[in-house]
Amino acid sequence: MSTGGLPMPGRGASPAHRQESTNLADILERVLDKGIVIAGDIRVNLLEIELLTIKIRLLVASVDKAREMGIDWWEHDPTLTVGQRDLAAENRALRQRIGELEAARTADDGELEAARSTDDGEAG
Amino acid sequence: MGAAEAGGTATYLYAVAEAVPDVDDLTGVAGAPVRTVESDDARRLVAVVSSVDAEAFDEQALRRNFEDLQWLEAAARAHHAVVAAAAGAGPVAPVRLATVYHSDERVAALLAERADEFAAVLDAVRGRSELGVKAYAAAQASPAEPAPDTDRPGTAYLRQRQQQRQQAAGALERATAAAEALHAALSARAHAARRYPPQDPRLSGEREEMVLNAAYLVDDAGAAALRAELDRSADPALRIEATGPWAPYSFATLEQR
């Protein structure tokens, strides 16, 4: 069991705990989401924090795994945060495209219906 | 009162405690030394704080920094280290990351305004710590290959896929049931338990589905009982990750005002 920075009870004098060995995702989950949640004087919008928390977790999950494999290029990449905002734009563009496709499909369905009823009329 | 002035300092709050912890050698967020602010109240509440540069911790800066994983990691680890150190001296109520006040006086006022609530929280966690348990549906071995049916290879393939789906559904069902049983057994040995939604595999970074994500509030005896129960109940349907002991993050909560 990895410790959360506290000495393990009942095991005598414990060795100094290296904070770096504690999983970052476990720490972030606690310091971002739990404990005393009060506004403070600096009002960062709490809803934004919730969204950021989700985004951060998405990152952290993959970052931790990558680090384990010795990959850490993003720590030297100044454009990383810009990339995160591009994701939001890409999301918006995709949603718009879906809307366009659905509108086109509705139009196609309408044409198909019209063609069918014409055939029925002729056959009838 | 009023906004922080350029070049001014603000007071960063890590936790509220009863006793003044040994913070002399501690380094907090942004490399700042850690100190305390005490309330005048008879309850003797103690806020664990650091002075920080006001501009570096204003709304704009925080919003920017929360998207900077390097900053966030350093801040989170430093914040957690201070909380953990404070927990060594007595009951502690950890405060959320990046809770910043204009001044020490504002923090002292907070302690005074909400003294009853903080005292109740500290009472609830006195002598106790938090153990975290996550359980995943253990990865299943692939089902045996069906006898090759060269006359109807397509049918054989579809049948195999159906078998795989049924096996996976069965495995998840067993894992879910095992997780419920484990949570019940662990809760019975804890003073309190909190259950969180399972994390999406994309968030946990794990391939298996998470079927339990919980925290348990325990004293030393309870912690030993919980660990014994985890050892005892090794169900093959589950892969378990246990962490802790932590300061009682999940149980140090104020009632919503």
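The values are calculated or read from the model by the stated rules, or taken from the named source; none is laboratory data. Being a predicted model, the structure only gives us computed values, none of them experimental. Neighbour counts run over all protein chains shown; Cβ positions are idealised from the backbone, glycine included. Note: accessible area is taken over every heavy atom of the protein model, side chains too, but ligands, DNA and RNA are not part of it. Shrake-Rupley method; radii C 1.70, N 1.55, O 1.52, S 1.80 Å.
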Please report the net charge: other residues with Cβ closer than 15 Å to the Cβ of B:Glu130, K and R +1, D and E -1.
+3
Find the Cα radius of gyration of chain B, compare it with 2.2 N^0.38 Å by division, and give the number to two decimals.
1.34
Inter-chain shielding of B:34-40 (mean C-beta neighbours from other protein chains, 10 Å cut-off)
0
Can you check what the net charge comes to around B:Leu217, using other residues whose Cβ is under 14 Å from the Cβ of B:Leu217 (Lys, Arg +1; Asp, Glu -1)?
+3
Return the distance in nm (one decimal) between the two label points of a simple spin-label model at A:Glu102 and B:Leu158, each offset 7 Å from Cα along Cα→Cβ.
3.2
Is the shape of segment B:35-162 rounded, prolate or oblate, going by the alpha carbon gyration tensor and its root eigenvalues a ≥ b ≥ c, with a/c under 1.5 for rounded and a/b larger than b/c for prolate?
prolate
Averaged across B:60-67, how many Cβ atoms of other chains sit within 10 Å of each residue's Cβ atom?
4
Difference of contour (0.36 nm per residue) and Cα-Cα distance, B:Ala109 to B:Ser187
24.4 nm
Percent RCO, i.e. relative contact order, over chain B, from Cα pairs under 8 Å lying at least 6 residues apart
23
Which order do peptides B:50-61, B:216-227 fall in by mean Cβ count within 10 Å, highest first?
B:216-227, B:50-61
Accessible area lost on pairing B with A, both sides, 1.4 Å probe, Å² to nearest 100?
5100
With viscosity set to 0.692 mPa s and temperature to 37 °C, compute the Stokes-Einstein D of segment B:46-91, Rh being the Kirkwood radius across alpha carbon pairs; µm²/s, no decimals.
273
Taking the Cα atoms of segment B:4-80, report the difference between the largest and smallest coordinate on each principal axis, in whole Å and largest first.
40, 27, 18
Å² per residue, accessible surface of segment B:153-257 at 1.4 Å
55
Need one value: the accessible area of B:Thr155 in square angstrom, 1.4 angstrom probe, rounded to the nearest 10.
60
Average accessible area per residue (Å²) across segment B:13-122 - probe 1.4 Å, nucleic acids and ligands excluded:
38
Out of B:Arg152, B:Arg195, B:Arg64, a Gaussian network model of chain B with alpha-carbon springs under 10 Å gives the largest mean-square fluctuation to B:Arg152
Within 13 Å, Cβ to Cβ, of B:His191, how many net charges do the neighbouring residues add up to if Lys/Arg are +1 and Asp/Glu are -1?
0
